[in-house]
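Engineer: Provided herewith is a single structure, encoded as structure tokens, for subsequent inquiry.
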Number of protein chains: 2
Amino acid sequence: MARGLVKRNEDYSRWYSDVIREAELAEHAPVKGCMIIRPYGFAIWEAIQRALDDMIKETGHVNAYFPLMIPESLLKKEAEHVEGFSPECAVITHGGGRKLEEPLYVRPTSEAIICSTYAKWMSSWRDLPILINQWANVVRWEMRTRLFLRTTEFLWQEGHTAHETEKEAVEEVLRMLEVYRRLSEEWLAMPVITGVKSRSETFAGAINTYAIEAMMQDRRALQAGTSHFLGQNFARAYDMQFQGRGGALEYAWSTSWGVSTRLIGGLIMCHSDDQGLVLPPKLAPHQAVIVPIYRTDDDRAALLEAANGIAAEARALGVRIKVDDRDHLKPGAKFFEWEKKGVPVRMEIGPRDLESKQVVLVRRDLGKAGKEFAPMEGLAARLPGIFAEMQQALFDQALANRRDHTIDIDSFDGMREVLNGDLAFVNACWCGSEKCEALVKKETTATIRVIPDSGENNEGVCVVCGEAATRKPVWARAY
Amino acid sequence: MARGLVKRNEDYSRWYSDVIREAELAEHAPVKGCMIIRPYGFAIWEAIQRALDDMIKETGHVNAYFPLMIPESLLKKEAEHVEGFSPECAVITHGGGRKLEEPLYVRPTSEAIICSTYAKWMSSWRDLPILINQWANVVRWEMRTRLFLRTTEFLWQEGHTAHETEKEAVEEVLRMLEVYRRLSEEWLAMPVITGVKSRSETFAGAINTYAIEAMMQDRRALQAGTSHFLGQNFARAYDMQFQGRGGALEYAWSTSWGVSTRLIGGLIMCHSDDQGLVLPPKLAPHQAVIVPIYRTDDDRAALLEAANGIAAEARALGVRIKVDDRDHLKPGAKFFEWEKKGVPVRMEIGPRDLESKQVVLVRRDLGKAGKEFAPMEGLAARLPGIFAEMQQALFDQALANRRDHTIDIDSFDGMREVLNGDLAFVNACWCGSEKCEALVKKETTATIRVIPDSGENNEGVCVVCGEAATRKPVWARAY
């Protein structure tokens, strides 16, 4: 079946590129590491944006827009931040035909510009909290790039908030982590583990970084979103001060959080199969497609009438449905195309189906095994239920994959074997030292993905050094 | 009333800045010529985006995303295009800590990157038309900048299409011009004149540029949107070739069209008054606000209950309404704030109003003159009608301003007097020579805004040189 696609178990990495190319999601741009997001890929991003933007607004945030170009001097004010980001930056040295007096950085993230602006907006505690999000492009020079997962330019949203108290800021960080968990699990059908990062994986300039981590089908981890507690670090660097309730000047507590077009990479790696893309129905640009199968013009007219009737009924129920009436393609070519593009439900209708008032219905994730003859009567009304079942099935399948490949390990040997072998999420105790963490990375390339929130069974001894440990991180090789 | 705002007739330019500052729409960024779009300003942009994005999709286009960074060599392929744009570009010379082998331009517009990509997507006439739009930021180095109207970085949409025939491409150019006319007139309540630009004002690399032009309150023109017929120029430069129906290779016909955050500048200059911003209800982030007026806690509770009741009813009808329950501000301060922010309808409700089951209702554009006591019974249901009336009134007022200040002139002396004096839109015949056009610009700073579509009364003699003329452009000083 899979012309043009290598199988997952043959070459997972090439399979990923094949899925993207065959589904026409994206392609490489002339500038190394940059990508062109094609209309079908962008429609998925638009669906993610709409879902997330609604959640961001429901939690009290508003959108705004801050500039792309950041003066070097401004970026340099937070020492740790600039140390982390400036090696990755694209630098503008000329503008309007002249050399600039001061180089400008293309934003790799916007803490510098946003915090320095918030400083001007806050004078009293009454001006807080400031709860703003922006949808934007950012640039980070990357050595190894991969479409969606790691590109030099990518699209994202970045929320930046400033609060009166530490408690409020921490609550915000966790609130947005929960929003990201819901986005991932309820929309992308991608189960995630939430927790805090170790120091070495913390955002440059932050006190703590929280993340959602998902398992891909090859049992590698994908960091799918982060929420940072910045403490008063950026407030001190950018002078975010306000008059507190007691009358004294205080530094604000700030947060930032973001998810990016990387989510689409996760979506692909989490659900797709050897036939191509598999999309969760809630995010699919077309949730269903009807392919009429005809030889004569009379058949064509009758079948299109029936197909358009079903489609009209379905659209009235909010279903995104397409009737594929292209004449220059054979039905087989159409099936193949929609399969590669991951359309959740395909319906075929031929002259004999029309006579028996039914269609052949195929759910993308079940394939031929799930083929059924569905009566046309009441068909449109059944679709939302089929989508909901498929959405849940994709989630369950991904969750089962994670459960089946999560292992509790208490020896470094055992850890090495798994993380240099078939891969898994490894739960193993850690003393907290960077030295032990670095040793694991050196010998397995795996990292601590998160230290999960749940406080269960964390007492033990460090898998590396044997010292007492109170943390039990998830270790894995990651994208 | 207008604390903090200068009056329009005292200093129009400062008034414009005052309106933006007092309504918290935008402010200057640390990088010269760039702006921060504040949440209230961005909410207006989001409303414009939503309206326009719907129209763009209804006319058969899809969204995509192309990269920010364009290699110098790619930009240089269309000679006229690069000549027009490269002096305005921001140039990235360093990335990832190293000097780049080839400088990258931050996109000033995306014809180069998009046309070179389309070239790869078309092999047969069946692949056409390609109808794609993107929402993006662009950078053009500007000497004189003004918030929204002309900024170094701005947000816009840019549509790029490729067609099989010249006829289809021209139809597309005019279709999108009509979409822009509708956006401007039906959403921004800003009447526009449509037509073609003279050669000197044509987009670099285009055959023809069509535009919508609006008159501001100071009788200057604002180019609010453009739609370009690119002929086969970019197809030749970027190799957009396809196998035609006859079997031979043909060059595609292409178009591009865009509107930007400049529209918000137009919106402000078209409708606002000495009290601040005036917003057309269809684009207002808050269409109505209710301000309860209380002294005691008992009053507060009863009034908020009534206000929230009206608001809930209104929201059910799709009205964007806010109850201003802030305790630390006096009602007068609230009225003043919402007036400066241009909220279309303000409702005040005090204890005595509650007894008589009414509110005081003030329509922003009518001010005190339009103050009425409105019964609470059926109030919410009346609001959509009030918004529609106000929307129409703003359009009518702007149209009247344009009609009252549009003059037919047949002598160069008369033209000079008007265009160096009180300003107007001047209809005056033109022979078509760049020399005559340049002379008008030299002596008045006015330019040909558009040569309108309508073919009426265009026969005459050139207002400058007296030669025979078949065109009657609109001449004006412009932003």
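Engineer: What is the spin-label model distance, in nm, from A:K371 to B:A478 if the labels are put 7 Å beyond Cα along the C-beta direction?
Structural biologist: 6.2 nm
Engineer: What FRET efficiency do you get for B:E101 and A:R126 if R0 is 60 Å and r is their Cβ-Cβ distance, rounded to the nearest 0.05?
Structural biologist: That pair, B:E101 with A:R126, gives E of 0.70.
Engineer: Can you work out ³J(HN,Hα) from phi for every residue in the stretch B:83-89, in order, using Karplus 6.51 cos²θ - 1.76 cosθ + 1.60 and θ = phi - 60°, giving whole Hz and x for Gly and Pro?
Structural biologist: Coupling constants for the stretch B:83-89: 5, x, 9, 4, x, 9, 8 Hz.
Engineer: So, in nm, how far is label A:S200 from label A:L439 when the simple model puts each one 7 Å beyond its Cα toward the Cβ?
Structural biologist: 1.2 nm
Engineer: While we're on this one: Could you list the GluC sites (Glu not before Pro) in the stretch A:358-440 that lie in coil according to DSSP, counting only those with at most 10 other Cβ atoms within 10 Å of their Cβ?
Structural biologist: Answer by residue number: A:E377.
Engineer: I would also like to ask the following. Based on the alpha carbon coordinates of the stretch B:406-476, what radius of gyration and maximum Cα-Cα distance (Dmax) apply, in Å?
Structural biologist: Just the Cα atoms of the stretch B:406-476 yield Rg and Dmax of 10.7, 29 Å.
Engineer: Let me know the mean shielding of A:84-96 by other chains, meaning the per-residue number of their Cβ atoms within 10 Å of its Cβ.
Structural biologist: Mean number of neighbouring Cβ atoms from other chains: 6.
Engineer: Taking the Cβ-Cβ separation of B:D298 and A:A381 as r and a Förster radius of 51 Å, what is the calculated FRET efficiency to the nearest 0.05?
Structural biologist: Step by step, r from the Cβ atoms, then E = 0.45.
Engineer: Quick query: amide H of B:C34 versus all other amide H atoms, modeled in the peptide plane; which residues come in under 5 Å with a sequence gap of 5 or more or a different chain?
Structural biologist: When sequence neighbours closer than 5 places are left aside, the close amide H contacts are B:A29, B:T152.
Engineer: Related question: Helix B:434-444: angle to the longest alpha-carbon principal axis of chain B, degrees 0 to 90, nearest 10?
Structural biologist: With rounding to tens, the tilt is 30 degrees.
Engineer: Cα to Cα, under 24 Å, and not fewer than 8 places away if on the same chain: which lysines meet these conditions relative to B:K442?
Structural biologist: B:K197, B:K472
Engineer: Another question about this same structure. Of all beta bridges DSSP finds with both residues in the protein assembly as shown, what is the antiparallel percent, to the nearest 5?
Structural biologist: Among the beta bridges of the protein assembly as shown, antiparallel pairing accounts for roughly 85 percent.
Engineer: Tell me the label-point distance for the pair B:K77, B:L249, using the 7 Å Cα-to-Cβ offset, in nm and rounded to one decimal.
Structural biologist: Label-label distance for B:K77 and B:L249, simple model: 1.3 nm.
Engineer: A further question on this structure: Under the definition of Cα pairs under 8 Å and six or more residues apart, what whole-number percent is the relative contact order of chain B?
Structural biologist: Here the relative contact order equals 14 percent.
Engineer: Here is a further query. Where nothing but the Cβ of Lys and Arg (+1) and of Asp and Glu (-1) is charged, how large is the charge dipole of the stretch A:117-216 around its Cα centre, in debye to the nearest 20?
Structural biologist: That gives a dipole near 320 debye.
Engineer: Hey, another quick one. Quick check on packing: order A:131-137, A:312-318 by the mean number of other C-beta atoms within 10 Å, highest mean leading.
Structural biologist: In descending order of packing, they fall as A:131-137, A:312-318.
Engineer: While we're on this one: What would the Debye equation give as log₁₀ I(q)/I(0) for the stretch A:12-141 at q = 0.13, 0.14, 0.19, 0.21 Å⁻¹, counting only Cα atoms as equal point scatterers?
Structural biologist: Ignoring solvent entirely, the Cα scatterers give -0.80, -0.90, -1.20, -1.24.
Engineer: What angle do you read, to the nearest 10 degrees and between 0 and 90, between the alpha-carbon axis of helix B:39-58 and the longest principal axis of chain B?
Structural biologist: 50 degrees
Engineer: Return the percentage of antiparallel bridges among DSSP beta bridges fully within the stretch A:406-476, rounded to the nearest 5 %.
Structural biologist: If I count the DSSP bridges inside the stretch A:406-476, around 75 percent turn out antiparallel.
Engineer: One decimal, nm, shortest first: give the distances between the label point of A:D11 and those of the same position in the other copies, each label point 7 Å from Cα along Cα→Cβ.
Structural biologist: 6.8
Engineer: Let me ask something else about it. Considering only A:P280, A:F234, A:V106, whose Cα is most displaced toward the positive end of the charge dipole of chain A, charges sitting on Cβ of Lys, Arg (+1) and Asp, Glu (-1)?
Structural biologist: Value computed over the given set: A:V106.
Engineer: Now a separate question. Which of A:A388, B:M190, B:T447 sits farthest toward the positive end of the charge dipole of the protein assembly as shown, with +1 on the Cβ of Lys and Arg and -1 on the Cβ of Asp and Glu?
Structural biologist: Value: B:T447.
Engineer: Okay, next question. Please give the peptides B:186-195, A:327-336 ranked by average Cβ packing (other Cβ atoms within 10 Å per residue), highest first, as a rough proxy for protection.
Structural biologist: Taking the mean over residues of other Cβ atoms within 10 Å, the ranking is B:186-195, A:327-336.
Engineer: Here's a follow-up. Tell me, in nm to one decimal, what length is gained between A:S356 and A:K57 on full extension, where the rule is 0.36 nm per residue of separation less the Cα-Cα distance?
Structural biologist: Here the segment from A:S356 to A:K57 would lengthen by 102.8 nm.
Engineer: Quick one: angle between helix B:297-316 and the longest Cα principal axis of chain B, in degrees between 0 and 90, rounded to 10, please.
Structural biologist: 40 degrees
Engineer: Let me ask something else about it. Is there a quick way to get the dipole size of the protein assembly as shown? I mean about its Cα centre, with the Cβ of Lys and Arg at +1 and of Asp and Glu at -1; what is the value in debye to the nearest 20?
Structural biologist: Its charge dipole is roughly 820 debye.
Engineer: Distances from B:T470 to the same position in the other copies: list them in nm, one decimal, shortest first, using label points 7 Å from Cα along Cα→Cβ.
Structural biologist: Shortest to longest, the spacings are 8.9 nm.
Engineer: Can you flag which of B:K7/B:K282; A:K57/B:K76; A:K7/B:K99; B:K32/B:K282; A:K282/A:K368 are past 31 Å Cα-Cα?
Structural biologist: Beyond 31 Å: A:K57/B:K76; A:K7/B:K99; B:K32/B:K282.
Engineer: Need one word for the stretch B:12-271: rounded, prolate or oblate. Basis is the Cα gyration tensor (sqrt eigenvalues a ≥ b ≥ c); a/c below 1.5 gives rounded, then a/b vs b/c decides.
Structural biologist: It comes out oblate by the Cα gyration axes.
Engineer: Using a label point 7 Å beyond Cα on the Cα-Cβ vector, give me the inter-copy distances for A:I407 in nanometres, one decimal, shortest first.
Structural biologist: Label-point separations across copies, in nm and ascending: 8.8.
Engineer: If you filter the stretch A:234-285 for trypsin sites (Lys or Arg not before Pro), then keep DSSP loop positions with at most 16 other Cβ within 10 Å, what is left?
Structural biologist: When the trypsin sites (Lys or Arg not before Pro) of the stretch A:234-285 are filtered for loop state and at most 16 Cβ neighbours within 10 Å, A:R245 remain.
Each value in this text was obtained by applying a stated rule to the coordinates, not by laboratory testing. On a predicted model such as this, the values are computed, not experimentally measured, just so you know. Counting neighbours? That spans all protein chains shown, and the Cβs are built from the backbone with ideal geometry, glycine included.
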